[in-house]
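Readers should treat all values here as calculations from the given coordinates under stated rules, not as data from a laboratory. Owing to the predicted nature of the structure, the values given are computational and were not obtained by experimental measurement. A quick note on method: Cβ atoms are made from the backbone with ideal geometry, for glycine too, and the neighbour counts reach across all protein chains shown.
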Amino acid sequence: MKELANNAQLVEEQLLQKLESSLKNLRVADVELFITAAHMKNLGKSASFHHLSQSAASTAIQRVEAAFGTPLCTHEKRQFRLTREGQMLFPRLEGWVKQLRDLIVAKDQTPIRLVTTHAIAQIAVPALLSVDHIDFTHMRPDHAYAAILHDEADIALVLDNAPWKGVIAAEIGKGYFQLYSSDREASVKPVLLPEDQMEVLSLQQSWQQVHGYSLPVKSRIPSWSLIANICSDSKEVGFLPDFLAKKLDLHPVLWQPATLQYRVLAIYRNTGKYLQERFDRLLRELRGVFT
């Protein structure tokens, strides 16, 4: 009896060693099918449960056995029974699959840290919340860029108006800056401008060339969103990206110089495969929003 017990222990140790080396060669779906068949004691029923044909299920079981190099079950038409080796491995395989599921769930619940301006957030964030878990923070573009470089954020949405070095930059949309008002027939008047960004300087230069005098400025306001809201609630004229103007049903004035094109970028650092897959889903959604 002692010799039999020692032999059983030796077999189990050998199987556990094979388990560690074989996990990388196993398909999770195959192992899940194997576990279901062991519980149901029927390969046909487990195949139906996993939406597989009988032959596909049988092939999957054979792949699991091949990974360990030993029979793990009896191959009978009406009954699925584990061999002694299969019985030894079964609880370990169940534990491995459970750990993997828990890991995936934990990852899925880790929010993506997204930073952007309030203006872009108004358009982007509502759509993204239906795609993934988002931990969102308002941030100026230069601060958002720094947050990416210092690993304080995962992804930032910015306009292509600065040299974004050391990051991946994916275009998610483009459009135009123009002067907008709620009044379709707005007359020439001083306008609302944001801070001195590249787009503002280009507008002023273009205005000077077309009209021969400096662009009249009524107020400098630090937020695109605030300018858009003021224009929506009054007859003021503001300089805005078209995605905000469209959201608030504002109209381009007739007396402005040439429009200025912009691009919206998603910037981020190199990521692992898992995070990149989540980013890809977000980028697809964003391109639909900004197109």
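Values as computed for the structure displayed
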read-out	value
With at most 16 neighbouring Cβ atoms within 10 Å, loop GluC sites (Glu not before Pro) (DSSP) excluded, longest segment of the chain	196-291
Rounded, prolate or oblate (a/c below 1.5 giving rounded, otherwise prolate when a/b exceeds b/c) for region 224-291 by Cα gyration tensor	prolate
Distance between modelled label sites at Met198 and His150, nm, 7 Å Cα→Cβ extension	2.4 nm
DSSP-assigned coil residues among chymotrypsin sites (Phe, Trp or Tyr not before Pro) in region 154-230, each with at most 13 further Cβ atoms within 10 Å	Tyr213
Helix-only [θ]222 nm of the chain, DSSP H runs n ≥ 4, -39500 (n - 2.57) each, per residue, nearest 500	-16500 deg cm²/dmol
Unit charges at the beta carbon, dipole of the chain: most positive-side option, Ile35, Tyr176, Gly238	Ile35
Modelled FRET efficiency - R0 41 Å, Arg84 with Glu277, Cβ distances, 0.05 increments	0.55
For the chain, the longest site-free run once trypsin sites (Lys or Arg not before Pro) in DSSP loop states with at most 15 other Cβ atoms within 10 Å are removed	79-164
Simple label model, 7 Å out from Cα along Cβ direction - Ala56 to Thr291, nm	3.0 nm
P(r) histogram, all alpha-carbon pairs of region 111-291 included - 5 Å bins from 0, percent	1, 8, 17, 20, 18, 13, 10, 7, 4, 1, 0, 0
Spin-label pair His133/Tyr213, simplified geometry with 7 Å Cα→Cβ offset, distance in nm	5.9 nm
